[in-house]
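Bear in mind that the values in this text are calculations on the coordinates, not laboratory data. Small disclaimer: the values here were computed from a predicted structure and weren't measured. With ideal geometry, Cβ positions are generated from the backbone for all residues, glycine too; neighbour counts draw on all protein chains shown.
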Amino acid sequence: MLAWIVGASANVAVMTFQVVFLANLYNPSYESKPWHIFLIMEALLILNCLMNVFATRLLPLVDKIEFWWFLGSFFIVSVTAVAAANPHQPAKFVFGTFINYTGWDNSFVVFMNGLVITAGNFCALDSISHLSEEMSNPSRTVPKAMFLTIGIGAVTDLIVCICLMFSVGQDLDGFFSSGAPYLTIMLTSTGSKAAAACISTMQLVNNFNSTTSVIQVGSRIIWSFARDGGFIFPKYFAKVNKQLACPVPAVIMSWAIAALVSVLYLASTTAFNALMSCLVVLGYVAYSIPIVCLMLSGRVYDRQGAFKLGKYGWVINGLAVFFMTLLGIFFCFPVYLPATKDNMNYASVVSVGLLVMAWLLWVFVGKKSFTGPSLGGIQISAVPSEVKEKE
């Protein structure tokens, strides 16, 4: 839950920097202030919250449109970058050049630290599982959606990264100092402010829809915890507005926590950036716990699902836990050396603090009233079809 709520703040931060890029593009004298960033973030979060409250019934259609919008923006960015760039970087630069501006002497540490963005992109794989109660045949639909997410994401990410690297241009210092590197590439490649603005707007739409989904999933986690007695004021946050088909109190809580997290940007950009690393670290903690519990139980299931790992289960589970543990450790390293109070990575401190908050919530609330998820509804809903088949 914590990872998802922090994720909403991370998404709007990305959108905000895109908005600032557009402002600087057409008004070079504009200098953004921290409070500008904060207000833009809060405005975007409010829009996403309203989308979740009043357009819940439209979200499935929005998701379908967003899928094709995403694929279209992928092709436009990839083709435009390569077609417009002149000259292109050589293949040796793309596949064989390692540029290190971090201060670390160990290239492996630099490489592992650099995976945080990619890891963040794939850290939301469990999103579909939190909506399983709102879909048909979730035992098959959920795993298929996860596999497709990995496949489509891996292929599109790899292709667009290669295309952008070929199109970096000759001004490497300008590229590395840019707050929005891929938009800088599009601007230098096309030489057109309009083209860069159009592509930036396309990505803004992608990120906006992504944030809407993040708040939606965060609200469903809050609602399910409240329904099972594990959240504060469970009866209130378990309410569902039948007219809107939405757990409105849970959505508002998901938005409110993300809005409060964004306030940190006013106090310290360093502390806020630590939360972005926490998105991945906390996500990995949440993923690792059920895998470790499953392994400790001898990989014995209470009920079998539609997909099985079979004899490879132990190896896959072990590698998954090892990989997440390794990345989680490196994502707590400072990105730049020498480390100072301004560039230090406080992800470990913030992660522990948030986990302590979760533990206190369990001790004072959840432990007294948490009953665990009920499968009664799932069993009852299956009765009519079973009876019909027998007849």
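Here the translational diffusion coefficient of the chain follows from Stokes-Einstein with Rh set to the Kirkwood radius across Cα pairs; for 10 °C and 1.306 mPa s it amounts to 69 µm²/s.
With only Lys, Arg, Asp and Glu charged, each at its Cβ (+1 for the first two, -1 for the last two), find how big the charge dipole of the chain is about the Cα centre; round to the nearest 20 debye. Could you put the intermediate results ahead of the total?
Details: 21 positive and 17 negative charges, 193 e Å.
Magnitude of the dipole: close to 920 debye.
Comparing 265, 229, 115 along the charge dipole axis of the chain, the residue lying farthest to the positive side is 229, per the Cβ-charge model. For segment 154-263, the calculated P(r) over all alpha carbon pairs, in 10 Å bins from 0 to the bin holding the longest distance, is 13, 29, 20, 18, 16, 4 percent.
Where only DSSP H runs of four or more residues are counted, the chain gives -23000 deg cm²/dmol as its mean residue ellipticity at 222 nm, each run worth -39500 (n - 2.57).
Note down the relative contact order for the chain as a percent, whole number, built from C-alpha pairs under 8 angstrom at least six residues apart. Relative contact order of the chain: 27 percent.
Quick one: grab the alpha carbon gyration tensor of segment 317-364, order the square roots of its eigenvalues as a ≥ b ≥ c, and give me rounded if a/c is under 1.5, else prolate or oblate depending on whether a/b is larger than b/c. Walk me through the numbers before you get to the answer.
Numbers: a/c = 6.25, a/b = 1.19, b/c = 5.26.
Judged from the Cα gyration tensor, segment 317-364 comes out oblate (a/c at least 1.5, b/c at or above a/b).
Legend: helices of the chain (whole DSSP H runs) are marked when their alpha-carbon atoms reach 24 angstrom or more along the helix axis and their mean Kyte-Doolittle hydropathy is at least 0.0; marked are 2-26, 34-54, 59-84, 138-166, 193-227, 248-267, 269-296, 313-330. Taking a point 7 Å from the Cα of residue 339 along the Cα-to-Cβ direction, the residues of segment 95-120 with backbone N closer than 13 Å to it are 104. Exposure proxy for 284, 312: other Cβ atoms within 10 Å of each Cβ, ordered fewest to most, give 312, 284.
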